1. Can you pull the semi-axes for the chain, root of five times each eigenvalue of the Cα gyration tensor, sorted largest first, whole Å?
2. Give the peptides 56-69, 207-220 in descending order of average Cβ contacts within 10 Å, highest first.
3. In whole angstrom, how far apart do the alpha carbon centroids of segment 101-133 and segment 195-274 sit?
4. Using 7 Å Cα-to-Cβ label points, what is the residue 283/residue 177 separation (nm, one decimal)?
5. In nanometres, what is the gap between the two model label sites at residue 320 and residue 117, each 7 Å from Cα along Cα-to-Cβ?
6. Would you work out the relative contact order for the chain, in percent, from Cα pairs under 8 angstrom that are 6 or more residues apart?
7. Figure the gain on full extension for residue 292 and residue 208 (residue separation times 0.36 nm, minus the Cα-Cα span) and round it to one decimal in nm.
8. Measure off 7 Å from each Cα along the Cα-to-Cβ vector at residue 81 and residue 199, then give the distance between these two points in nanometres to one decimal.
Ligand SMILES: *[C@@H]1O[C@H](CO)[C@@H](O)[C@H](O)[C@H]1NC(C)=O
């Protein structure tokens with residue numbers, strides 16, 4: 001009897017080892033950088049009069065105080081509300097402080113609705129100096145959209161902000177203050193993440209048991225495999241210094257949901273200081289529930305982040321110019 005149990009245990013251990021090796025090989029073979037090459041149509045934006053102008057590069061020195069990068073996938077309904085709020089805030093701030101210059105870059109991530117047309121109305125109203133639209137010919141995923149927008153931005157600071165307007169836009173001041181607090185070195189490297197961690201208890205009360213379970217599972221995987229010390233890695237309101245954006249986005253591999261986690265993982269590898277700042281949060285109607293499949297995909301991505309950097313399938317890159 002004992003022998004039999006021993007044999008079973010041996011077989012199980014062997015299977016587990018084999019499974020692990022298969023996962024490692026798959027992780028290694030499927031490793032690739034995020035796609036930063038652009039379709040011809042993705043190299044330029046339209047001015048208010050409909051002329052094409054080439055996008056600048058993140059490698060150029062900054063020429064605006066702030067860039068706001070808004071990834072938008074089928075957001076024709078929610079985005080106008082968010083853009084109105086953002087533009088009102090930005091315009092008011094510029095009137096008060098004329099040295100405050102800004103741009104908004106809407107990245108239409110291959111939408112099938114009128115997201116681009118609606119964003120272009122803001123270009124017409126405010127000029128292409130203030131509002132630019134980058135229309136991706138194919139859907140790349142949120143990480144890919146934020147990446148392409150960031151690579152096209154001119155700001156000394158770069159804010160990524162979700163198109164659903166769940167965060168009150170004026171909370172940018174809190175995030176800026178958090179960024180200042182941790183940005184101490186001469187390299188000007190810092191990141192400030194908006195955070196909903198202070199709202200966790202409330203949101204648990206409103207969610208289904210399954211979603212709560214998935215959320216805790218996700219937090220655990222993030223903590224265990226990737227990023228420690230940041231409670232909310234997924235909030236779509238994050239501020240980067242231009243230097244920190246260039247450094248972290250240059251190493252980005254993930255174009256889907258888990259890209260936030262990889263960015264923070266990269267930042268921690270480079271010892272870039274990260275602030276976490278509580279922001280206001282409104283559950284917006286029509287919020288896209290993350291489908292069950294995406295949770296599994298995210299879980300796999302998290303484990304792969306850890307494995308791939310560990311085995312060297314993914315490496316931290318130094319910023320290189322691409323077009
Ligand atoms: C990268 O994106 C461009 C533009 O969408 C596309 O033409 C190209 O095929 C993509 N490359 C890969 C390897 O997916």
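1. On the way: eigenvalues 272, 94, 79 Å².
Taking √(5λ) for each Cα gyration eigenvalue gives 37, 22, 20 Å.
2. Numbers: 56-69: 18.1, 207-220: 13.7.
Descending packing order for the listed peptides: 56-69, 207-220.
3. First find each Cα centre; the distance between them is then 27 Å.
4. 2.8
5. Taking the simple label geometry, residue 320 and residue 117 are separated by 4.1 nm.
6. Working: 525 pairs, mean separation 72.8, N = 323.
So the answer I get is 23 percent.
7. Numbers: separation 84, 0.36 × 84 = 30.24 nm, distance 1.31 nm.
Taking residue 292 through residue 208 to full extension adds about 28.9 nm, to one decimal.
8. Each label point lies 7 Å from its Cα, and together they span 1.3 nm.
Laboratory data are not the source of any read-out in this text; all were calculated from the coordinates shown. These figures come from a predicted structure and were not determined experimentally. Please note: Cβ atoms are built from the backbone with ideal geometry, for glycine as well, and neighbour counts cover all protein chains shown.
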